[in-house]
Amino acid sequence: MPRNVFPLDSTRSFTDQQLTGHNRWHPDIPAQVHVKPGDTFRVDCREWFDGAIHNDDSADDILDAPLDGVHVLSGPIAVEGAQPGDLLIVDILDVGPIPQEDSGPLAGQGWGYTGVFATRNGGGFLTEQFPDAYKVIWDFQGGTATSRHVPGVSFTGIVHPGLMGTAPSPELLGRWNAREQALIDTDPDRVPPLALPPNPDSAILGSLTGADFDRAAAEAARTAPPRENGGNQDIKNLTKGSRVFYPVFVDGANLSMGDLHFSQGDGEITFCGAIEMGGFIDLHVDVIKGGMATYGVSENAIFVPGNTDPQYSEWIAFSGTSVTLDGEQRYLDSHLSYQRACLHAIDYLTNFGYSPIQAYMILGAAPIEGRLSGVVDIPNSCSTVYLPTGIFDFDVKPGKNGPHRIDPGPGVPHSVA
């Protein structure tokens, strides 16, 4: 096992550890760990809500989730010699649930969860159709996930970090805050909000204290969206065997990571989505001096996907176009066409006995593939959702004898404000 440079104790909260990570982006958060180019090391990662979500049959914890406190990230990790303008090479050697802890109260101890936030808390990709809070618990056995809340489904997880990235420079942080505030200002009372501005409440900034903490907390960016530094990209194929090239904006690069997922469908459409868990990630790092200019990577990471994904060979696919549910034509709106493809998949699965929310949870957690299939044929964008048929315990394809009907079981826990 590689040297663990950021250990976490499952019996203690995130802020009561040997090393304290952070939940905001800011260039002044001190590095907690220093490594050298060529080093291989392990990092423990806490589940993104720091244990606030429970293995039970209630969705109240999703409804009341402490959103101001996410994501709890391990880091920053400074890489010796990395300077602004370099590319940081990060190899994901291994990633998985909390080692040697197959049961316990924390997500990652043999289980994980998928949630849908209530609209007032951010909703999900289909928040108009699913405006309330829901939760599904998934049990892990080996590399397979099953759920008492969604029967008839089992699949191999594509384990990956939902969030990993380098620290922003002061200039880059300023651009983030300015452009996101400008967006908020176009509709400041929107529910859910258009973006999340800096919020000192619940900020965790590593070892910063006093006036330095207060200043940084007022400026630090929330970790919810992906940005030029990587961040919360939620790319399901960023898994074991992947190599990522991150732009470096500060001395040492200050790499951080967290939000581990046991599995996820393309788009993480449930938002509190994928199968959330704590766990570990083994990394190898190196530096390409001047790599940002050499390769034209001025912003946003590029990566080589890993080759350990489960091999599903048969799929059933659903398409959608950029026409709203009430028949309004939109111009090449790929976001809308992907929504419509997902809704068509959900409608289809209800013919087999699933409730709409059970079908939605399958699309968020299972390794579906989402594709932009046509983006030039005005006025309709076409998006497609590929659902692997092998995840079902029955034949999910259309047939002359009609659909197999499953017992939906107790259903998905649901909570209304």
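Do the conditions hold for residue 153, that is, is it aliphatic (A, V, I, L, M), modelled with pLDDT of 95 or more and either under 21 Å from the mean Cα position of the chain (by Cα) or under 30 Å from residue 249 (Cα atoms) (or both)? Taking the combined requirement at face value, the residue does not satisfy it.
Of everything in the stretch 260-281, what is open to solvent by 10 Å² or more (accessible area, probe 1.4 Å) and over 23 Å from residue 64 (Cβ atoms)? Give them in sequence order.
Of the stretch 260-281, the ones open to solvent by 10 Å² or more (accessible area, probe 1.4 Å) are 266-268, 271, 280.
Within the stretch 260-281, 266, 267, 280 meet the criteria.
Considering the conditions (1) open to solvent by 40 Å² or more (accessible area, probe 1.4 Å); (2) in contact with a helix residue (DSSP H, G or I) (Cβ under 9 Å, 6 or more places away or on another chain); (3) under 30 Å from residue 78 (Cβ atoms); (4) aliphatic (A, V, I, L, M), residue 178 is excluded by exactly one of them, (2). Residues in the stretch 181-223 that are open to solvent by less than 60 Å² (accessible area, probe 1.4 Å), at positive phi and within 24 Å of the chain's Cα centre (by Cα): 206 only.
Within the stretch 270-294, the set of residues being part of a loop (DSSP other than H, G, I, E, B) and at pLDDT 95 or above comprises 277, 278, 289, 290.
Among the candidates 377, 347, 407, 395, single out the residue that is open to solvent by 40 Å² or more (accessible area, probe 1.4 Å) and assigned to a helix (DSSP H, G or I).
Matching residue, one of 377, 347, 407, 395: 347.
Among the residues making up the stretch 26-41, a single one is open to solvent by 50 Å² or more (accessible area, probe 1.4 Å) and among the β-branched types (Val, Ile, Thr): 40. Checking each residue in the stretch 1-25 for being under 18 Å from residue 68 (Cα atoms) and open to solvent by less than 10 Å² (accessible area, probe 1.4 Å) picks out 14, 21, 22, 23, 24, 25. For the stretch 45-145, the strands (runs of 3 or more DSSP E) that sit wholly inside it and include 1 or more residues that are hydroxyl-bearing (Ser, Thr, Tyr) and either in contact (Cβ under 8 Å) with a residue 24 or more places away in the chain or under 23 Å from residue 164 (Cα atoms) (or both) are 74-79, 111-116, 133-141. For the stretch 228-242, the set of residues classified as crowded, with 22+ Cβ neighbours inside 10 Å and of a type in the set (Lys, Arg) consists of 236 only.
The values are calculated or read from the model by the stated rules, or taken from the named source; none is laboratory data. The shown structure was predicted, so the numbers you read here are calculated from the model rather than taken from an experiment. Here Cβ is always computed from backbone atoms with ideal geometry, including for glycine, and neighbour counts include all displayed protein chains. Side chains are part of the model used for accessible areas, which takes the heavy atoms of the whole protein and leaves out ligands, DNA and RNA. Shrake-Rupley method; radii C 1.70, N 1.55, O 1.52, S 1.80 Å.
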